[in-house]
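Below you'll find the structure, written out as structure tokens, and then a few comments.
The values are calculated or read from the model by the stated rules, or taken from the named source; none is laboratory data. The structure presented is a predicted model; accordingly, all values stated were derived computationally and were not measured. All Cβ positions, even for glycine, are placed from backbone atoms using ideal geometry, and neighbour counts span all protein chains on display. Ligands, DNA and RNA are excluded from the accessible area calculation, which covers all protein heavy atoms including side chains. Shrake-Rupley method; radii C 1.70, N 1.55, O 1.52, S 1.80 Å.
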Amino acid sequence: LMKRMESSIESFRLTLDRMRGSIELTLEKIAAFNQNPVASRNYYCGLDDTIHVSEWDEEDEREENYLSIGKNIKVELADMELDQWEDSLTHDLMVIRELLDQARQIDAARDNKLAELKRIIADKMNNPINGENHKVLIFTAFADTAEYLYENLYRYCRSLGLNTAVVTGSTQGKTSIEGFPGDFNTILTCFSPASKGRDAIYTSGIASTATIDVLIGTD
């Protein structure tokens, strides 16, 4: 969660909400088991029932291998200390709901980190380092943050005369250019047309003339 909060308030908020939903689901399963333990004797639960591993980014799975246990180990609820686990989950849920209530108060208009990023982009636009180069490349560890930045930057960048795109490993790419293809290679080629040889690759169509100035992506 600290890594998510460092990345963006949106990534932090979405992860909290996923955890909230997963814990609520697990508590429902425990309650159902307690009501009829005989009928639920063969009911299994694993860590991935509490935290859905598929919801986490590839970066998390590479760096946080503690999540992998839920993919392989299933435990019968009848063999668990359910009262203690239920108490712990209930406490976690209370904390997560409190954090969510606070996180939801910080929208894009109140996001100082986003405001600073806009200032940096405007400064690059007004004071290009080499000639008229207005290119901006924004890296983030999480796809949630990349999508959040794109949704809250592309209109602002358009007001500065800049075209924006986002690429991640988990979703189709998007650009602020109407009709532009969203595949990874086309976006990168039009972000760096000289080094990628755009003129030789695309001789017609929107990709042959369009240029992307601001590229947001996961590393």
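Between amide H atoms placed 1.01 Å from N, distances below 5 Å from Asn163 occur with Asp213, Val214, all of them 5 or more places distant or on a separate chain.
Defining a contact as two alpha carbons under 8 Å apart and six or more residues distant in sequence, what relative contact order in percent does segment 131-219 show?
Once normalised by length, the contact order is 41 percent.
Couplings 3J(HN,Hα) of segment 17-28, computed from phi: 5, 5, 5, 4, x, 5, 5, 4, 5, 5, 5, 5 Hz, in residue order, whole Hz [Karplus 6.51 cos²θ - 1.76 cosθ + 1.60, θ = phi - 60°; x for Gly and Pro]. Using a 1.4 Å probe over the heavy atoms of the protein chains, calculate the carbon and sulfur portion of the accessible area of segment 96-167 as a whole percent. Reported share for carbon and sulfur atoms: 50 percent. For the listed peptides 159-167, 127-135, a ranking on the average number of other beta carbons within 10 Å per residue, highest first, reads 159-167, 127-135. Grouping the Cα pair distances of segment 90-186 into 10 Å bins from zero gives a pair-distance distribution of 13, 37, 31, 13, 5, 1 percent in increasing distance order.
Suppose a student asked you for the relative contact order of segment 63-201, using Cα pairs under 8 Å spaced at least 6 residues apart; what percent would you report?
For segment 63-201, the relative contact order is 11 percent.
Accessible surface computed residue by residue for segment 82-187, with neighbouring protein chains in place and a 1.4 Å probe, gives 58 Å² per residue.
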